[in-house]
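The block underneath contains the structure these notes are about, expressed in structure tokens.
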Amino acid sequence: QVQLVESGGGLVQAGGSLRLSCAASGRTFTSYAMAWFRQAPGKEREFVATITRTGGSTYYADSVKGRFTISRDNVKKTVYLQMNSLKPEDTAVYYCAQGYSGGSSHRTYDYWGQGTQVTVSS
């Protein structure tokens, strides 16, 4: 049974930082790309960042480029999202996702975590 468990969300002031973690289990971690998506109230789920199976390549949404960093530890089977210079518009539920093909479309990811709330106050 595949499980993705996020942690690290919370309330932070604008300009602050948070690091999200997503621990994976249930299938071979190194066989899959990992990604972070987010969904704000009343909005559709949107792509944030993705990382390839080996961690050799990353790709970011323009809205977070230069502020967020995705990384993975294949020994710990965990993917991270370091978020710096947070803005109120970053407020959302953040989800990690796992899929074979990777990319920025939610359709290529077949397993999702339960989400963790990030709230950025102005």
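The gain in end-to-end length when the SER7 to LYS65 segment is fully stretched comes to 18.7 nm, 0.36 nm per residue minus the alpha carbon separation. For VAL48, neighbours were defined as the other residues whose beta-carbon sits under 15 Å from its Cβ, and their charges (Lys and Arg +1, Asp and Glu -1) total +2. A simple charge model with +1 on the Cβ of Lys and Arg, -1 on the Cβ of Asp and Glu and nothing else charged puts the dipole of the chain at about 240 debye relative to its Cα centre.
Here the accessible area of the chain is 46 percent carbon and sulfur, with a 1.4 angstrom probe and all protein chains present. For LYS77, the aspartates and glutamates whose Cα comes closer than 18 Å to its Cα, not counting residues fewer than 8 places off in the same chain, are GLU6, ASP110.
Summed over the residues of the chain and divided among them, the accessible surface reaches 52 Å² per residue at a probe radius of 1.4 Å. For ALA92, neighbours were defined as the other residues whose beta-carbon sits under 10 Å from its Cβ, and their charges (Lys and Arg +1, Asp and Glu -1) total 0.
So which aspartates and glutamates pass the test for LYS43, namely a Cα distance under 20 Å, with those fewer than 8 places away in the same chain ruled out? Filter leaves ASP62, GLU89, ASP90.
Taking 2.2 N^0.38 Å as the expected size of a compact globular protein, what ratio does the Cα radius of gyration of the chain give against it, to two decimals?
Against the compact-globule rule of thumb, the ratio is 0.97.
The values are calculated or read from the model by the stated rules, or taken from the named source; none is laboratory data. A quick note: this is a predicted structure, and the numbers were derived from the prediction, not measured. FYI the Cβ positions are ideal-geometry reconstructions off the backbone, even for glycines, and counts take in every protein chain you see. What goes into the accessible areas is simple: the full protein's heavy atoms, side chains included, and nothing from ligands, DNA or RNA. Shrake-Rupley method; radii C 1.70, N 1.55, O 1.52, S 1.80 Å.
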